[in-house]
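Below: the structure, in structure tokens.
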Amino acid sequence: MSTTKSIFSPASGIGPFDRSQSERQLALEYLAEAWNSAEEDGLEAASLAHASLFAALATFVRMHGDEATADLVEQLPERIRNGEYNLERILQ
């Protein structure tokens, strides 16, 4: 995998996952590479985000079922408001 600027790299340089979650970080790097390629081919970020959310939710439904996925999604507003998905925040 080549080293490209990741859309998932926070400005602070601190990754969204700690070392114990290195597989998730590696997965993000693969996704960032595919995302960058798609943008270079002219796809808009909003279209990529919608497709990514659909693929992720469909995968969770297949793996864990409708109810567990719905429970996960119910938690998202609070987690978003708490900054868990804000790549600009500085972790202390």
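The values are calculated or read from the model by the stated rules, or taken from the named source; none is laboratory data. Treat the numbers as computed from the prediction; the structure is a model and nothing was measured. Please note: Cβ atoms are built from the backbone with ideal geometry, for glycine as well, and neighbour counts cover all protein chains shown. Note: areas computed on protein heavy atoms with side chains; ligands, DNA, RNA excluded. Shrake-Rupley method; radii C 1.70, N 1.55, O 1.52, S 1.80 Å.
Out of (1) open to solvent by 70 Å² or more (accessible area, probe 1.4 Å); (2) at pLDDT 95 or above; (3) outside any helix (DSSP H, G or I), what's the single condition that is false for residue 42?
Looking at each condition in turn, residue 42 falls short on (1).
With in a helix (DSSP H, G or I), loosely packed, with under 12 Cβ neighbours inside 10 Å and modelled with pLDDT of 95 or more as the only criterion, which of 51, 55 stands out?
On the way: 51 fails: loosely packed, with under 12 Cβ neighbours inside 10 Å.
After applying the criteria, what remains is 55.
Could you list, in sequence order, the residues of the range 75-92 that are closer than 19 Å to residue 28 by Cβ and under 16 Å from the mean Cα position of the chain (by Cα)?
Matches in the range 75-92: 76, 79, 80, 83, 84, 85, 86, 87, 88, 89.
Taking the range 64-74 as the search range and keeping residues that are open to solvent by 100 Å² or more (accessible area, probe 1.4 Å) and more than 17 Å from residue 54 (Cβ to Cβ), which one is nearest to the chain's Cα centre (by Cα)?
74
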